[in-house]
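Participant: Just passing along the structure, written as structure tokens.
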Amino acid sequence: MINCPSADCPWKGISIEQYYRHVQRMHEPLNGYMCIEKCGRLFTSITSLRKHTLSCREKYNSNIECNTERTINHFEQLHEPCHPAEIHVENEINSREKDNEEINIENKCVVVSDTVKLVAVEAKQLSTNMTLKWLSENGLARKVAFEINRDIKQNIVDPLSSVIHDLQLKGAMTNECEQMLTTMLESFDCTSEYKCIQQLKRDGLYEDPTYFHVNEEQMSLSADPLSERIFEQIHGVLMPVKFMLRTYLQTEGVFNTVINSLKLSNDGLIRSLIDGSIWQERTREMCCRTVIPINIYFDDFTTSDTSSCHSKSTSICAVYLNIPSMPAYLQGKLSNILTVGFIKSQDRKKMNNDKTLHRLIELLIELETKGITVSIDGEEQRVFFVLGFIVGDNLGVNGILDYVESFRANFFCRVCKRRRIQTETDAKEHSEVFRSPMSYDHDVRLGIVSETGIKASSPFNKIPSYHVTHNFVFDIMHDIFEGVGIYDLQHMLYYFVYIRKYFSVSDFNERKNNFVYGNQNSDNIIHDIQDHHLKMKRIKCTANEMKTLIIFLPLIIGPLIPENDEVWQLACSLVKIVHIVLLRDVPYELVKELRSVIEFHHTQYVKLFQDSLKPKHHNLVHYPTAILKGGALRQHWCMRFEAKHREPKAYCKVNSNRINMCSSIAVKSNFKFAYNCMNKNFVFPKIQYDETQIYLNQCRTLYLKNSNCNLNNIDMEAVKFLKSFVKCETVYNRGSIFNVVSKATVNIYKILEIFLNNNNAILLLCEQFEVVKFNTHLQSFELNAKTTTVIVDNIENCESQQINLHDVNNTMYLRLCNYYKV
């Protein structure tokens with residue numbers, strides 16, 4: 001081994017050539033060059049050193065030859081010739097040693113080769129993942145993502161590759177190191193969309209969307225009237241749904257989560273459509289199959305062009321899919337909502353549903369009858385998908401199912417045949433006029449839209465187990481938070497401000513703005529109401545803002561309103577309705593309660609405001625039956641589907657293409673799906689915490705020991721403290737207040753300490769609040785400042801929700817309806 005002549009340099013080499021290259025590149029010139037043969041001579045130039053080294057090597061080699069001859073002659077003189085057998089054994093030993101050396105060299109080469117291959121695979125994955133991350137950004141055009149990649153390759157990767165090559169040539173880097181680094185850098189070659197898509201296809205993360213022909217329309221003629229007519233082909237885009245479902249289920253954790261969600265509830269609670277009577281009837285003959293429900297969502301959204309005269313032509317109808325039985329905390333993730341396809345809204349409205357939806361319906365039939373094969377833990381399983389419900393807003397669902405799209409029609413309801421005039425005063429549901437497959441067929445044959453509410457026979461009836469009369473589902477977002485809630489508050493606030501004069505508009509705005517909503521609701525506060533808007537009974541707000549206002553309305557203005565006010569009792573009934581329909585787990589006894597509260601609400605609305613009930617009021621009378629038939633209504637609402645629109649909307653703003661926007665959005669959605677699959681963004685643990693949040697603290701351990709809690713089963717020597725943890729994407733830390741719901745019981749806690757036991761299970765030292773009574777006027781529980789210190793040891797398995805306590809007139813309240821034992 002040859003050392004560098006510089007004392008500060010740790011370099012070592014194995015050959016004279018490497019030594020010369022290193023000195024010339026890194027240390028030229030030096031004050032002197034010591035002979036590497038250790039003869040003690042010092043040279044002033046590298047050339048003199050080179051000549052001297054060569055002469056020393058020649059002398060050394062000649063001395064070795066002379067010494068070898070002398071040794072052989074001396075050996076022959078002292079020893080007789082060896083026996084032939086001994087010579088054979090010695091040759092065999094030398095041969096074995098030579099073979100072992102060759103084997104070691106081959107093994108070393110194999111190890112290096114395998115390492116290079118492993119590095120190449122990992123580098124390729126990192127490069128692909130980085131490219132997909134750029135491509136999945138909603139506000140970044142696809143071409144910009146590849147321009148970034150090309151700039152990185154030209155300005156960073158290529159110069160770095162050149163430097164690595166030079167270092168290897170000059171002996172500053174071994175061949176193995178140079179090979180690994182070059183392999184890593186060569187893997188960064190996703191500089192075009194074509195290369196990226198081909199790589200994703202090889203990795204099993206991408207499949208091209210399909211384009212289906214809808215119709216054709218004649219283009220405007222040119223100046224020459226004799227010119228040939230040109231027809232434009234109208235296409236829709238259908239995503240590779242079977243491929244997406246297969247890849248989705250094969251992603252780590254998804255299949256087991258979905259299968260576990262298909263079990264019937266046995267605790268007296270109604271959760272998903274699995275607990276509904278419709279699903280149980282439709283899948284009774286499929287008990288020997290693995291059947292997964294899917295909901296299909298239809299809705300139009302506007303692109304970046306919203307104000308010009310051509311805005312309607314750029315509106316797009318999006319089709320999404322989700323599995324409604326999955327746990328609630330996973331349903332909220334947009335990655336678990338899969339894109340099915342896109343078609344221009346104008347084209348869908350011009351053509352009938354048979355033409356625009358035939359490919360989708362064929363796909364749904366194939367998924368139900370043939371299913372798909374998925375590989376789970378090395379075993380192939382056949383999985384079938386059955387259409388549960390078609391969801392969306394009222395206008396969209398009516399249009400997709402070929403019901404009348406005017407809610408001034410005689411029979412606008414898609415689940416019953418009550419006339420519009422009757423629904424204006426109906427406070428109860430009339431089950432005797434429910435639509436059924438038999439009555440539906442009769443109405444289709446009758447063919448009179450004004451007497452049936454049916455425009456044409458729906459193509460969705462071709463699906464074997466599905467019929468449009470089974471689509472017994474409603475959207476609470478559009479019915480209540482963009483409908484009934486607004487109707488009620490317009491009348492109520494007008495009554496409180498201008499008729500009874502309990503408070504002014506400015507008083508309401510001030511109390512609304514000063515109210516402490518908490519971290520979970522602070523972003524959804526309604527804007528100040530203007531006096532002239534309220535006089536015209538017009539309130540504009542988003543669904544989330546209306547939801548927040550209704551929930552906290554009793555504590556905002558309740559103290560200003562006297563008890564036994566009839567309009568306030570109507571407001572309290574609306575609060576109760578919202579509370580029940582927002583439950584993800586609905587007890588059977590609350591279904592009967594909901595029916596009673598809706599009847600009271602509708603009766604009082606007509607009586608107090610002298611106003612007729614709207615179509616969205618009529619939808620509410622079907623809510624109790626919809627829960628029994630299709631599960632909790634919150635599992636089917638459109639809130640998260642509407643949020644999914646943000647992705648294509650943001651992309652349309654940065655995409656200058658206006659000719660075939662559906663295709664552009666589909667490719668973008670494919671890239672986003674590939675990114676989610678590569679990073680396993682579908683399923684995550686219910687509770688998560690970072691290892692950096694763990695710490696030890698003797699003072700806190702002593703505080704824990706001195707607390708009046710039962711710590712007998714806890715090893716205090718193994719206790720570790722935790723700053724915070726995340727449950728269902730909500731952060732819990734010291735000071736957080738939450739409730740734990742178990743059937744009809746709820747307990748309220750405030751976190752004092754978070755710690756881990758020797759099994760790394762999360763334990764909480766909490767203050768448990770004592771409930772004084774339920775205040776019917778404020779629809780809230782009054783709490784005592786006196787608390788009890790307890791240990792909560794089942795936070796991972798129990799149903800909990802982070803809440804806020806509110807101070808009203810120096811009294812602490814929990815805003816929660818009285819449907820629990822506290």
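The values are calculated or read from the model by the stated rules, or taken from the named source; none is laboratory data. Keep in mind it's a predicted model, so treat the numbers as computed, not measured. Heads up, the Cβs are rebuilt from the backbone with ideal geometry, glycines too, and the neighbour counts pull from every protein chain shown. With ligands, DNA and RNA removed, areas are computed over all heavy atoms of the protein, side chains included. Shrake-Rupley method; radii C 1.70, N 1.55, O 1.52, S 1.80 Å.
Participant: Starting from residues that are open to solvent by 90 Å² or more (accessible area, probe 1.4 Å) and modelled with pLDDT of 80 or more, keep the ones in region 92-136 and report whichever is nearest to Thr191 (Cα to Cα).
Facilitator: Trp134
Participant: For the subset of region 692-702 comprising residues that are assigned to a helix (DSSP H, G or I) and either touching a residue at least 24 places away in the same chain (Cβ under 8 Å) or within 22 Å of Thr788 (Cβ to Cβ) (or both), which member is farthest from the chain's Cα centre (by Cα)?
Facilitator: For region 692-702, the residue satisfying everything is Leu702.
Participant: Within the set of pairs 6 or more residues apart or between chains, which connect a residue that is more than 25 Å from Leu330 (Cβ to Cβ) inside region 584-597 to a residue that is open to solvent by 80 Å² or more (accessible area, probe 1.4 Å) with Cβ atoms less than 9 Å apart?
Facilitator: Arg595/Lys428
Participant: How do the strands (runs of 3 or more DSSP E) wholly within region 715-774 filter down when requiring 1 or more residues that are free of Cβ contacts under 8 Å to residues at least 40 places away in the same chain and more than 18 Å from Tyr703 (Cβ to Cβ): which remain?
Facilitator: 724-727, 730-733
Participant: Another question, if that's okay. Restricting to region 639-662, name every residue that is open to solvent by less than 20 Å² (accessible area, probe 1.4 Å) and of a type in the set (Gly, Ala, Ser).
Facilitator: Scanning region 639-662 gives a single hit, Ala643.
Participant: Pull out all pairs, ordered by first then second residue, where Cβ-Cβ is under 7 Å, the residues are six or more apart or on different chains, the first lies in region 446-462 and is in a loop (DSSP other than H, G, I, E, B), and the second is of a type in the set (Ser, Thr, Tyr) and surrounded by 17 or more Cβ atoms within 10 Å (Cβ to Cβ).
Facilitator: Gly453/Tyr403; Lys455/Tyr403
Participant: Counting just the residues of region 422-431 that are at pLDDT 95 or above and not in a loop (DSSP other than H, G, I, E, B), which one comes out most open to solvent (accessible area, probe 1.4 Å)?
Facilitator: Gln422
Participant: With over 19 Å from the mean Cα position of the chain (by Cα), open to solvent by less than 30 Å² (accessible area, probe 1.4 Å), modelled with pLDDT of 85 or more and of a type outside the set (A, V, I, L, M, F, W, C) as the only criterion, which of Ser277, Ser325, Ser345, Ser335 stands out?
Facilitator: Ser345
Participant: Sort out which residues of region 534-556 are over 21 Å from Trp568 (Cα atoms) and in a helix (DSSP H, G or I), and write them in order of number.
Facilitator: Ala543, Asn544
Participant: So Lys705 ticks every box in (1) part of a loop (DSSP other than H, G, I, E, B); (2) open to solvent by 80 Å² or more (accessible area, probe 1.4 Å); (3) in contact with a helix residue (DSSP H, G or I) (Cβ under 9 Å, 6 or more places away or on another chain) but one. Which box is left unticked?
Facilitator: For Lys705, the exception is condition (1).
Participant: Right, something else. Among what's in region 672-691 and is assigned to a loop (DSSP other than H, G, I, E, B) and within 18 Å of Thr730 (Cα to Cα), pick the residue that is least open to solvent (accessible area, probe 1.4 Å).
Facilitator: Ranking the candidates gives Phe682 first.
Participant: Is there a residue being assigned to a loop (DSSP other than H, G, I, E, B), farther than 16 Å from Ile463 by Cβ, among the small types (Gly, Ala, Ser) and at pLDDT 90 or above anywhere in region 390-407?
Facilitator: Yes: one or more hits.
Participant: Go through region 519-575 and report how many residues are of a type in the set (Gly, Ala, Ser) and open to solvent by 20 Å² or more (accessible area, probe 1.4 Å).
Facilitator: Residues in region 519-575 being of a type in the set (Gly, Ala, Ser) and open to solvent by 20 Å² or more (accessible area, probe 1.4 Å): 1 in total.
For (1) farther than 30 Å from Lys350 by Cβ; (2) modelled with pLDDT of 85 or more; (3) buried (at least 16 other Cβ atoms within 10 Å of the Cβ), each residue gets a yes or a no:
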{"residue": "His165", "(1), (2), (3)": "yes, no, no"}
{"residue": "Gln168", "(1), (2), (3)": "yes, no, yes"}
{"residue": "Gly204", "(1), (2), (3)": "yes, yes, no"}
{"residue": "Asn215", "(1), (2), (3)": "no, no, no"}
{"residue": "His235", "(1), (2), (3)": "no, no, yes"}
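Participant: Considering only residues that are surrounded by 13 or more Cβ atoms within 10 Å (Cβ to Cβ), at pLDDT below 90 and of a type in the set (D, E, K, R), which ones fall in region 772-814?
Facilitator: Within region 772-814, Asp793, Glu796, Glu799 meet the criteria.
Participant: Another question, if that's okay. From the set of residues in region 179-197 that are open to solvent by 40 Å² or more (accessible area, probe 1.4 Å) and farther than 24 Å from Leu135 by Cβ, which is modelled with the highest pLDDT?
Facilitator: Here the answer is Leu181.
Participant: Would you say Arg634 is assigned to a helix (DSSP H, G or I), open to solvent by 30 Å² or more (accessible area, probe 1.4 Å) and over 30 Å from Lys143 (Cα atoms)?
Facilitator: yes
Participant: Still on this structure: Checking the condition modelled with pLDDT under 95, assigned to a helix (DSSP H, G or I) and over 26 Å from the mean Cα position of the chain (by Cα), which residue from Glu647, Glu589 passes?
Facilitator: Glu589
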